[in-house]
Amino acid sequence: MGLCECEVSHIRSLEGGIPMPASDNAKSCFIMLSMRSTRTLSVTLPPEMLRRAQSIAKRESRTMSELVREALRHYDRRAWWDEVNAYGSQRAEERNIREEDVGRLIEESRRGAKKAVKK
């Protein structure tokens with residue numbers, strides 16, 4: 001069973017194409033269209049990087065768009081952790097806390113919290 005002209009028009013509009021007018025045969029077919037929530041981005045890559053990206057996308061059964069979105073999420077997450085670590089390093093330096101002090105300070109803090117709860 002094929003698609004009616006209205007369904008084909010709807011699919012074309014979702015793909016960014018121009019909707020085709022429905023014929024009289026499709027008068028009973030009603031489809032609500034929504035606004036597109038994505039934008040197109042053109043990216044240039046060196047040939048080897050493009051081959052690697054295509055290989056990863058194929059191996060993971062993803063589209064190139066999905067691969068780029070995931071890469072940006074990872075980049076954003078990594079940038080957030082870098083900021084958190086920089087903040088922690090700065091505070092530790094201000095308080096003269098070394099890496100080897102961290103375990104002891106955590107234990108002391110936990111013991112103090114337990115004592116406060118028991119009171």
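What follows draws every value from the coordinates through simple rules; no lab data is involved. Because the structure is a prediction, the values reported are computed rather than measured. Every residue, glycine as well, gets a Cβ built from its backbone with ideal geometry; the counts of neighbours run over all protein chains shown.
Summary of computed values
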| quantity | calculated |
| --- | --- |
| Karplus 3J(HN,Hα) series, Hz, for the stretch 58-67 with 6.51 cos²θ - 1.76 cosθ + 1.60 (x for Gly, Pro) | 5, 4, 9, 6, 10, 7, 4, 4, 4, 5 |
| With 10 Å bins from 0: P(r) over the stretch 62-119, alpha-carbon pairs, percent | 19, 25, 24, 18, 12, 2 |
| Net dipole in debye of the stretch 38-98 [+1 Lys, Arg Cβ; -1 Asp, Glu Cβ; about Cα centre; nearest 20] | 240 |
| Residue order, fewest to most surrounding Cβ atoms within 10 angstrom, among 42, 109 | 42, 109 |
